[in-house]
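First up is the structure itself, then whatever we jot down about it.
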Amino acid sequence: MPRPPRTESTLDEVTLARLMARQCGVVSRRQVLWAGGRHDDIRRRVRRREWAVIHPGVYVDHTGPLTREQREWAAVLYYWPAALHRESALTLYGVRHDRSRRAPEAAVQVLVDASRTFTPMTGVEVERVREWRTWLSPYRFPPRVKLEFALLKVASSRDLEGAIAVLADACAQKRTDPEQLAATLTRLNRLPQRSALLEILEDAASGAHSVLERRYLRDVERAHGLPRGTRQVVEQAGAKRVRRDVKYAPQATLVELDGQFGHRDAEDRWADLDRDLAAAMADSITVRLGWAQVLAPCRVAAALAHILTARGLTQRPTPCGPGCEVADDVA
């Protein structure tokens, strides 16, 4: 037998207050009914201007401008079940991917299941994926996708240099590491730049950074007609034997390529300083390059051409194409 309609509200005000406090003053119609309320309870609060409508069926406990947090809760509750995604999730994890928290007016990004149909709302970007619940980070409020999924999705929307910068910054902030990112990336078969990112992340995780070395050889050295350096030279530096990534012996110039992501401990940094000190004592200079530099090969080639020429190089570098920065050094 169907339950008879209720004639009066049994709204649990304490439960509702606690719920709205956790949700920055935002609540959905579904939640009010779950707390024992009726549609009349909602209409009365809206009529008295105690609440304002954000989206159909989603309300906030004031009539003024919304904060960024309130817009995020409103988007999640309107598309429920849903979770914050991409940049909207990264800000909650404290990842300084754009050096500051997203502006209040920026679109809120949410993730829902691929089977869902819905009415789009202004100011909210929705992405649908299969098995979306496997993307979620448990026991987080507001709900959000796991950090690695959000990072890789943000990275996929940028060029390769920007993608690596986003991932490297998150590792440097100790929010994740290359191993976890690479493991997550294996699940994202259609992600733009997937193959290149997977190779780079696996390389960074192993510490070998051979991908970075190959890119330096191809995009900086060969593409701009620079002299071929000697690779992986083992030298004696005091009581220690050190390995140099690239050595231009006639110009007494060393290039060290650092493809690691994230924090490096004191011993690693001190070892680098020891190698640089030993090189300086031998009248050599050391140029340290990472992904940000090698992914701007024309700029790096122009700088190296200037350094090598000042130290005796007579070979003329060549621009790799129109607009190449090396062209400025070629008269």
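Every number in this text was worked out from the coordinates using simple rules, so none of it is lab data. All figures in this text were calculated on a predicted structure; none of them were measured in a lab. As a convention, Cβ positions derive from the backbone with ideal geometry for all residues, glycine included, and neighbour counts pool all protein chains shown.
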**Study point:** segment 158-169 - phi-based ³J(HN,Hα) in whole Hz, Karplus 6.51/-1.76/1.60, Gly and Pro as x
**Key:** 10, 5, 4, 4, x, 5, 5, 4, 4, 5, 5, 4
Check your understanding: Using the Cα gyration tensor of segment 148-206, with a ≥ b ≥ c the square roots of its eigenvalues, what is the shape: rounded (a/c below 1.5), prolate (a/b larger than b/c) or oblate (neither)?
Key -> rounded
Practice item. Return the ratio Rg/(2.2 N^0.38 Å) for segment 8-64, where Rg is computed over Cα atoms only. Key: 1.00
Check your understanding: For q = 0.09, 0.19, 0.20 Å⁻¹, what log10 I(q)/I(0) does segment 27-178 give under the Debye formula with an equal point scatterer on each alpha carbon and no solvent?
Key -> -0.33, -1.16, -1.25
Point to revise | Filtered chymotrypsin sites (Phe, Trp or Tyr not before Pro), segment 74-173: DSSP coil and at most 16 other beta carbons within 10 Å | key: Phe118, Tyr139
Check your understanding: With θ set to phi - 60° and the Karplus curve 6.51 cos²θ - 1.76 cosθ + 1.60, what are the ³J(HN,Hα) couplings of segment 246-259 in order, to the nearest whole Hz, using x for Gly and Pro?
Key -> 9, 10, 9, 4, x, 9, 6, 10, 10, 10, 10, 9, 10, x
Exercise for review: Could you go through segment 22-38 in sequence order and give the Karplus-derived ³J(HN,Hα) for each residue, using 6.51 cos²θ - 1.76 cosθ + 1.60 with θ = phi - 60°, rounded to whole Hz, and x for Gly and Pro?
Suggested key: 5, 9, 6, x, 9, 8, 10, 4, 4, 5, 5, 5, 4, 7, x, x, 10
Practice item. From zero up to wherever the largest Cα-Cα distance of segment 156-243 sits, split into 5 Å bins and tell me the percent of pairs in each. Key: 3, 12, 17, 20, 15, 13, 11, 6, 2, 1, 0
